[in-house]
1. Picking from G70, G62, which residue would you name as being touching a strand residue (DSSP E or B) at 6+ places or on another chain (Cβ under 7 Å) and over 17 Å from P3 (Cα atoms)?
2. Exactly one of (1) closer than 21 Å to G31 by Cα; (2) loosely packed, with under 13 Cβ neighbours inside 10 Å is unmet by R109. Its number?
3. Could you give me the residue pairs with C-beta distances under 9 Å whose first residue belongs to the range 100-122 and is farther than 15 Å from L79 by Cβ, whose second residue is open to solvent by less than 90 Å² (accessible area, probe 1.4 Å) and among the charged types (D, E, K, R) wherever it lies, and which are 6+ apart or on separate chains?
4. Take the residues in the range 68-90 that are open to solvent by 60 Å² or more (accessible area, probe 1.4 Å) and under 12 Å from the mean Cα position of the chain (by Cα); name whichever of them is modelled with the lowest pLDDT.
5. If we scan the range 2-24, do we find a residue that is without any contact (Cβ under 8 Å) to a residue 60 or more places away in the chain and under 15 Å from P103 (Cα atoms)?
6. Which of the residues belonging to the range 17-67 are outside any strand (DSSP E or B), under 14 Å from V80 (Cα atoms) and open to solvent by 10 Å² or more (accessible area, probe 1.4 Å)?
7. Within the range 91-106, which residues are loosely packed, with under 14 Cβ neighbours inside 10 Å, assigned to a loop (DSSP other than H, G, I, E, B) and of a type outside the set (A, V, I, L, M)?
Amino acid sequence: MIPLKDMVAAAANNINTRFIILDKGKTTLEGESKACLALVADETAAVHFQFWGEECDAFELGDIVCLVNGIFSYNRHNLVLRAGRRGKIEKVGEFTMVYVETPNLSEIRWVPDPNNYNKYVQESVLSPYSRIFPPLL
């Protein structure tokens with residue numbers, strides 16, 4: 001399992017990690033499929049997670065989820081973690097996990113790595129926390 005902070009944006013299904021769902025947005029229609037965005041985190045970082053189809057209703061706030069062969073890449077100009085077509089997500093627990101909400105990897109500007117065009121490198125921080133799911137003050 002890779003900690004969220006060690007993920008690098010890339011067009012490859014190679015992310016195996018575990019996280020807790022902190023917040024979920026509204027379910028919307030993307031073409032003929034349902035989609036919803038969530039804020040997820042582990043003890044090292046947070047990131048936006050894209051649920052598709054039946055996944056939107058299958059997972060709730062506080063669920064601890066294991067992701068196998070996930071992808072961390074751009075989807076409609078937003079950097080999100082998702083299962084993708086080859087990945088798998090499974091609920092493995094609930095409510096008992098240490099987490100942090102910053103840094104949020106979806107709020108970092110990533111640019112193509114000049115040495116490897118299949119990978120991205122961090123360029124700058126857009127916001128230290130999620131602008132979609134702002135922290136409660």
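1. One residue alone meets the criteria, G62.
2. R109 satisfies every listed condition except (1).
3. Short answer, once both residue conditions are applied: V100/D42.
4. Out of the qualifying residues, it is Y74.
5. Yes, the range 2-24 has at least one match.
6. Within the range 17-67, G25 is the sole residue that qualifies.
7. F95, T96
The values are calculated or read from the model by the stated rules, or taken from the named source; none is laboratory data. Model, not experiment: these values are computed from the prediction. Cβ: placed from backbone, ideal geometry, glycine included. Neighbour counts: every protein chain shown. Calculation scope for accessible area: heavy atoms of the full protein, side chains included, ligands and nucleic acids excluded. Shrake-Rupley method; radii C 1.70, N 1.55, O 1.52, S 1.80 Å.
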